[in-house]
Amino acid sequence: MYKSVETILVDIPTIRPHKLSVTTMQTQTLVLIKIITEDGIVGWGEATTIGGLNYGEESPESVKANIDTYFKPLLLSIKAPLNVAQTLKLIRKSINGNRFAKCAIQTALLEIQAKRLNVPVSELLGGRIRDRLPVLWTLASGDTDKDIAEAKKMIELKRHNTFKLKIGSNPLQHDVDHVIAIKKALGPEISVRVDVNRAWSELECVKGIQQLQDGGIDLIEQPCAIENTDALARLTARFDVDIMADEVLTGPDSAYRIAKKSGADVFAVKVEQSGGLIEACEVAKIARLAGISLYGGTMLEGPVGSIASAHAFSTFETLEFGTELFGPLLLTQSILKTPLQYENFELVVPNTPGLGIEVDEDKLEQLRRH
Ligand SMILES: [Mg+2]
């Protein structure tokens with residue numbers, strides 16, 4: 001069935017420091033997985049994380065160790081011809097947790113199957129509804145004037161016309177003033193949102209969100225602690241401005257629990273956090289049934305994970321808040337033979353078999369960690 005399973009770590013500097021409430025990133029480590037079948041079909045997947053262990057529970061090194069030690073021998077031991085669903089079931093039965101690794105492997109398996117059937121991965125996920133996805137840009141230099149200049153340049157280039165600000169590392173009033181100054185400079189036509197990355201207490205949330213709502217900000221992402229889902233629900237009920245669940249969403253089970261208590265207005269769906277492309281589509285279905293709006297999130301993956309996410313998001317019935325699939329644009333180097341196509345404020349979802357990308361293996365060889 002499978003001839004080889006390889007995990008590759010690739011360190012690529014970012015185009016500028018990317019400042020989050022939990023860390024400042026200068027480099028992104030891509031975790032790529034390459035699976036080759038005995039009949040020579042290649043599938044790629046990605047299990048990249050944000051900011052090492054600052055953001056989440058998995059690091060690039062832990063993902064690689066777990067894939068190499070547990071997932072790889074399991075996949076190589078398969079002798080009977082299992083389909084993707086049967087293979088995923090075997091993995092779930094043998095390995096707990098490890099959503100990022102599971103997502104990368106599922107992506108590679110889906111790409112292999114899609115190539116075999118000569119269809120894009122989106123068609124294995126129920127079929128795409130759209131060929132292009134709106135992509136916002138995150139302003140995270142931490143400097144108000146720099147952020148305004150960066151936003152204006154993006155609008156002029158027709159790259160992005162919606163912006164998200166990463167806040168929460170400075171005192172609350174400083175951050176709120178910074179956001180409102182940027183919103184004022186960009187004007188009423190441009191959507192400005194914030195991601196607090198869980199930095200505020202519930203009391204700070206009440207104070208901060210009120211001012212952001214009055215200042216015309218239209219989305220507040222994960223303002224408080226992951227564990228405090230009750231506070232997120234109270235804030236959702238209290239404010240008119242939309243409150244989005246991000247880090248708190250860890251797959252279909254958590255989506256169901258949050259939806260059940262009206263715990264958010266919007267879900268930031270991430271394929272890796274969900275544990276796979278199929279599970280991300282399940283999160284979207286739960287949201288739709290609960291009347292929760294959708295946004296396509298990112299773990300700042302490179303092109304492999306970003307385009308895998310795009311295939312999943314292209315199948316969503318609705319995508320009210322667009323996506324943030326700008327990860328590859330934050331990197332100083334491309335690992336594809338042809339870079340992803342960003343134009344007119346959107347990302348084009350490829351229509352060719354598999355993920356529709358070609359990894360530049362010579363480039364990867366130069367950049368990979370040895
Ligand atoms: Mg977020």
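The values are calculated or read from the model by the stated rules, or taken from the named source; none is laboratory data. Remember, it's a predicted structure, so these values are computed and weren't measured experimentally. As a convention, Cβ positions derive from the backbone with ideal geometry for all residues, glycine included, and neighbour counts pool all protein chains shown. Just so you know, the surface numbers come from the protein's heavy atoms only, side chains and all, with ligands and any DNA or RNA stripped out. Shrake-Rupley method; radii C 1.70, N 1.55, O 1.52, S 1.80 Å.
Listed values, structure above:
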item	result
Residue ID - modelled with the lowest pLDDT, chosen from residues in the stretch 35-63 that are small (G, A, S) and closer than 25 Å to Q222 by Cβ	G51
Unmet requirement for I50, which otherwise passes all of (1) surrounded by fewer than 20 Cβ atoms within 10 Å (Cβ to Cβ); (2) out of contact with any strand residue (DSSP E or B) (no Cβ under 7 Å at 6 or more places or on another chain)	(1)
Unique residue being within 24 Å of E156 (Cα to Cα) and assigned to a loop (DSSP other than H, G, I, E, B) when the list is P339, P328, P350	P339
Qualifying residues in the stretch 193-204 (those that are more than 15 Å from the ligand (Cβ to nearest atom) and open to solvent by less than 60 Å² (accessible area, probe 1.4 Å)) - the one farthest from N170 (Cα to Cα)	E202
Within the stretch 324-347, tally of residues that are open to solvent by less than 50 Å² (accessible area, probe 1.4 Å), over 30 Å from D265 (Cβ atoms) and without any contact (Cβ under 8 Å) to a residue 60 or more places away in the chain	2
Number of positions in the stretch 216-229 that are away from the ligand (no atom under 16 Å from the Cβ) and either open to solvent by less than 10 Å² (accessible area, probe 1.4 Å) or more than 24 Å from R99 (Cβ to Cβ) (or both)	1
Sole residue being touching a residue at least 12 places away in the same chain (Cβ under 8 Å), open to solvent by 30 Å² or more (accessible area, probe 1.4 Å) and over 19 Å from K270 (Cβ atoms), chosen from T37, T27	T27
Check on A264, in the same structural domain as K285 (by TED's automatic domain parsing), closer than 30 Å to H160 by Cα, of a type in the set (A, V, I, L, M) and at pLDDT below 95	no
First in the stretch 297-322 and of a type in the set (D, E, K, R), second anywhere and within 16 Å of the ligand (Cβ to nearest atom), Cβ under 8 Å, 6 or more apart	E301/T48; E301/E272; E301/S309; E301/G327; E320/V266; E320/S293; E320/L294; E320/Y295
Number of positions in the stretch 242-264 that are away from the ligand (no atom under 15 Å from the Cβ), open to solvent by 10 Å² or more (accessible area, probe 1.4 Å) and in a loop (DSSP other than H, G, I, E, B)	2
Given (1) over 20 Å from E320 (Cβ atoms); (2) away from the ligand (no atom under 16 Å from the Cβ), index of the condition Q213 fails	(1)
Selection from the stretch 265-281 of residues that are within 16 Å of the ligand (Cβ to nearest atom) and either open to solvent by less than 10 Å² (accessible area, probe 1.4 Å) or within 23 Å of N96 (Cβ to Cβ) (or both)	V266, F267, A268, V269, K270, V271, E272, Q273, S274, A280
The stretch 171-182, residues that are surrounded by fewer than 18 Cβ atoms within 10 Å (Cβ to Cβ), touching a residue at least 12 places away in the same chain (Cβ under 8 Å) and farther than 17 Å from D218 by Cβ	none
Residue in the stretch 220-241 that is farthest from T162 (Cα to Cα), counting only those that are among the hydrophobic types (A, V, I, L, M, F, W, C) and in a helix (DSSP H, G or I)	A231
Residues being in a loop (DSSP other than H, G, I, E, B) and either outside the structural domain of N161 (by TED's automatic domain parsing) or open to solvent by less than 10 Å² (accessible area, probe 1.4 Å) (or both) - total across the stretch 301-323	5
